[in-house]
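Trainee: Here it is, the structure in full.
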Amino acid sequence: MSTLNEQGDGPAAAKVHAQFPEVTEEPRVYEGDWRVHVQPAHEAEVIAWARDELGFDLFIDRLGADQGPGANPRFDVITVTYNTLSKTRLIFVATVPEAQPELPTLCGVFRGANWFERETWDMYGIRFTGHPNHTRILMPEVFPDFPLRKEYPMEGTGDWAAPRRALGGNVDGTDGKVAIPPNPGKPGAPTKDPGKHGPIFQGLDDGPSVPSDSEGKQ
């Protein structure tokens, strides 16, 4: 998302709300950006109207945000659009509950939303109904969790916990399957042994040996 401020379009936000008063809230401004909160079921319709009638023809970003466990509704889906003629920006926010975190895809309005929605699904577990390829994009399909949810610990959980050395701990400590690339040849580095480090490294060569710090000294 751009960090430029004072590009928000307050008059355009007001027009969106005037056109859809039943499904949008009063526009809000923050750090120069105007945001229109819209009911999830009507989000695609509202954004398509802003594209066709107000000139917000460039899709910039689509991302998730987690308000944390206990928040109701919990998850925001934030969409950033840009008017290439007026050079102004307009942001839309749809909020979905933890119990059923889903809303219609925006791919029919902006094809570029495809991978952004896959990432939001992958990281937050927010589902986009009607998406043409609703699969993970960063994590493997067998990954059981959504790592940007606030309750997910930095070191991971269960079989997918990262080695402690990745967090500044004991270089020899490994709590489960390795979730980061190995460092072949170093003391305590993982091997391709799937019994120790899980299926993510099956079939991989450990690579050439790397001299230890003591061996490299003359």
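Trainee: Take Ala12 and tell me if it is over 24 Å from the mean Cα position of the chain (by Cα) and not hydroxyl-bearing (Ser, Thr, Tyr). I'd like the intermediate steps shown before the answer.
Mentor: Numbers: over 24 Å from the mean Cα position of the chain (by Cα): yes; not hydroxyl-bearing (Ser, Thr, Tyr): yes.
When the stated conditions are applied, Ala12 passes them.
Trainee: Can we say Arg62 is touching a Phe, Trp or Tyr at 6+ places or on another chain (Cβ under 7 Å), under 12 Å from Asp9 (Cβ atoms) and not in a loop (DSSP other than H, G, I, E, B)? It would help to see each step written out before you state the result.
Mentor: Details: touching a Phe, Trp or Tyr at 6+ places or on another chain (Cβ under 7 Å): yes; under 12 Å from Asp9 (Cβ atoms): no; not in a loop (DSSP other than H, G, I, E, B): yes.
For Arg62, the condition - touching a Phe, Trp or Tyr at 6+ places or on another chain (Cβ under 7 Å), under 12 Å from Asp9 (Cβ atoms) and not in a loop (DSSP other than H, G, I, E, B) - is not met.
Trainee: In the range 15-46, which residue that is within 25 Å of the chain's Cα centre (by Cα) and assigned to a helix (DSSP H, G or I) is surrounded by the fewest Cβ atoms within 10 Å (Cβ to Cβ)?
Mentor: Looking at the filtered set, the residue picked out is Ala41.
Trainee: Scanning the range 108-117 for residues that are over 16 Å from the mean Cα position of the chain (by Cα) and crowded, with 18+ Cβ neighbours inside 10 Å, which turns out farthest from Ala41 (Cα to Cα)?
Mentor: Our first condition is that a residue be over 16 Å from the mean Cα position of the chain (by Cα); within the range 108-117, this holds for 108-111.
Then drop every residue that is not crowded, with 18+ Cβ neighbours inside 10 Å, which leaves 109-110.
Working: Val109: 14, Phe110: 16 Å.
Among those residues, the one meeting the criterion is Phe110.
Trainee: What pairs come out if I take residues in the range 63-84 that are surrounded by fewer than 15 Cβ atoms within 10 Å (Cβ to Cβ) and pair them with residues that are polar (S, T, N, Q) and in a strand (DSSP E or B) whose C-beta lies under 9 Å away, six or more apart or interchain?
Mentor: Filtered contacts from the range 63-84: Gln67/Thr95.
Trainee: Taking into account only those residues within the range 47-57 that are under 16 Å from Leu85 (Cα atoms) and not aromatic (Phe, Trp, Tyr), which is surrounded by the most Cβ atoms within 10 Å (Cβ to Cβ)?
Mentor: Going residue by residue through the range 47-57, those that are under 16 Å from Leu85 (Cα atoms) are 50-57.
From what is left, the residues that are not aromatic (Phe, Trp, Tyr) are 50-55, 57.
Values: Ala50: 25, Arg51: 18, Asp52: 11, Glu53: 12, Leu54: 20, Gly55: 18, Asp57: 14.
Here the answer is Ala50.
Trainee: Looking at the range 5-14 only, could you name the residues that are loosely packed, with under 15 Cβ neighbours inside 10 Å and modelled with pLDDT of 95 or more?
Mentor: First, pick out the residues of the range 5-14 that are loosely packed, with under 15 Cβ neighbours inside 10 Å: 5-6, 10-11, 14.
Those that are loosely packed, with under 15 Cβ neighbours inside 10 Å and modelled with pLDDT of 95 or more: Gly10, Pro11, Ala14.
Trainee: I would also like to ask the following. Is there a residue in the range 141-153 that is surrounded by 19 or more Cβ atoms within 10 Å (Cβ to Cβ), among the aliphatic types (A, V, I, L, M) and at pLDDT 95 or above?
Mentor: The answer is no, given that none of the residues of the range 141-153 is surrounded by 19 or more Cβ atoms within 10 Å (Cβ to Cβ), among the aliphatic types (A, V, I, L, M) and at pLDDT 95 or above.
Trainee: Follow-up question, since we're still on this one. Can you tell me which residue is surrounded by the most Cβ atoms within 10 Å (Cβ to Cβ) among those in the range 85-102 that are touching a strand residue (DSSP E or B) at 6+ places or on another chain (Cβ under 8 Å), closer than 24 Å to Ala12 by Cα and aliphatic (A, V, I, L, M)?
Mentor: That would be Leu90.
Trainee: Quick check: is even one residue across the range 5-12 within 29 Å of Gly125 (Cβ to Cβ) and free of Cβ contacts under 8 Å to residues at least 60 places away in the same chain?
Mentor: Filtering the range 5-12 for residues within 29 Å of Gly125 (Cβ to Cβ) gives none.
No, the range 5-12 contains no residue that is within 29 Å of Gly125 (Cβ to Cβ) and free of Cβ contacts under 8 Å to residues at least 60 places away in the same chain.
The values are calculated or read from the model by the stated rules, or taken from the named source; none is laboratory data. On a predicted model such as this, the values are computed, not experimentally measured, just so you know. All Cβ positions, even for glycine, are placed from backbone atoms using ideal geometry, and neighbour counts span all protein chains on display.
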